[in-house]
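Right, one structure below, let's go through it.
The values are calculated or read from the model by the stated rules, or taken from the named source; none is laboratory data. Source: prediction; values computed, not measured. Neighbour counts are summed over all protein chains in view; Cβ atoms, including those assigned to glycine, are modelled from backbone coordinates with ideal geometry. The accessibility values were calculated without ligands, DNA or RNA, using every heavy atom of the protein model including side chains. Shrake-Rupley method; radii C 1.70, N 1.55, O 1.52, S 1.80 Å.
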Amino acid sequence: MPELPEVESVVLRLRQTAPWAKIVACGQFRSTTARGLKRALGHTVDAVDRRGKNILLRLSGGAFLRIHLKMTGGLNVIPGVNLRQSTVRAWLTLEDGRAIVLNDPRALGRISFHHAREERSLFARLGPEPFSEAFTPEHLIAAARRTAKPVKIFLMDQRAVAGLGNIYAAEALFHARIHPAAPARQLSAKKLAVLHRVIRDVLELALRSASVAYEDPGGFAEAEDFPVAVYGREGEPCPRCAARVRRIAQGGRSTYYCPKCQK
DNA sequence: AGTCACCTGATT
DNA sequence: AATCAGGTGACT
């Protein structure tokens, strides 16, 4: 999926399509894609929120739909849904004819219906929003002290901070000059304070780039001008020191880093 | 913490 | 044919 910046750009775009007409029909091609979609019928979307990488469509009556785009999902509002389009996985048709469509080539994206009271437990294990006041250097330091994970796994885990994925975790560690395999608990408070700051910097810059993404209704477009330093650049020169970027596997995923800058 | 599972498409 | 992909939850 899109990581936090791309999800946020989807949310901002959805908000621009308000006011919303009543949801009058819905559909999905497989049972696993969505749960309880029909319970949204007759309601309107009152607000669109984001929690970590989750999109929340708050409905009249207090319930909400939780949408997770996973790796390749996209959420679009279009004049009408084209069910011949192979990436369409689920849709909500509005009374004015428009449709909210989950497009996802890999079909990993999920939608679920929840009552308002379920929100707390649903996100109980999700860490603070990176731009919230709750996400302080002290919070990151305390979380790091509690884990045995390598720092890159720790950042992707969503419990210390919500919204980082494979790309921006690697990019943040590059800018903080921290080796991705370093145990999080062994990092100094000073290093973690730097990491805290670069997480915000990286996400903010990515968010600006991501505002032009997701124009492609068939899926998602890559953020256009985010200056990727190491991700996907195995063998290419580090932009800071020109050493070759290295790729290692962590938790079954690729991690990219500069072996000279990140000790 | 690593591995698999969920899915499909692009690339080697 | 095999490997990889911006995620995450359920295993071991």
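Things worth noting here:
- Accessible surface of the stretch A:137-257, 1.4 Å probe, proportion on carbon and sulfur as whole %: 49 percent
- Rounded if a/c under 1.5, otherwise prolate or oblate - the stretch A:121-263, Cα gyration tensor axes: oblate
- Residue with peak Gaussian network fluctuation, chain A [Cα springs, cutoff 10 Å], from A:L207, A:L41, A:L173: A:L41
- Just checking the listed ones, A:A160, A:A249, A:A182: in the Gaussian network model of chain A with Cα springs under 10 Å, the one fluctuating most is A:A249.
- When the GluC sites (Glu not before Pro) in the stretch A:45-145 are filtered for DSSP coil states and for at most 13 other beta-carbon atoms within 10 Å of their beta-carbon, the remaining sites are A:E95, A:E133.
- Per residue accessible area of chain A, 1.4 Å probe, in Å²: 47 Å²
- Listed residues A:A170, A:A18, A:A47, most fluctuating in chain A (Gaussian network, C-alpha, under 10 Å): A:A18
- Distance violations [Cα-Cα > 25 Å] among A:K70/A:K152; A:K70/A:K190; A:K70/A:K191; A:K152/A:K263; A:K149/A:K190; A:K152/A:K260: A:K70/A:K190; A:K70/A:K191
- Within straight-line reach of A:K22, meaning a Cα separation under 22 Å, sit the following lysines at least 8 residues removed in sequence or on another chain: A:K38.
- Using a probe radius of 1.4 angstrom, the carbon and sulfur fraction of the accessible surface of the stretch A:4-122 is 50%.
- Environment charge of A:G61, counting only residues whose C-beta is closer than 10 Å and scoring Lys/Arg +1, Asp/Glu -1: +1
- Annotation note: chymotrypsin sites (Phe, Trp or Tyr not before Pro) in the stretch A:119-199 located in DSSP loop regions with a Cβ neighbour count of at most 13 within 10 Å are absent.
- Spherically averaged projected area of the convex hull of Cα atoms, chain A: 14.1 nm².
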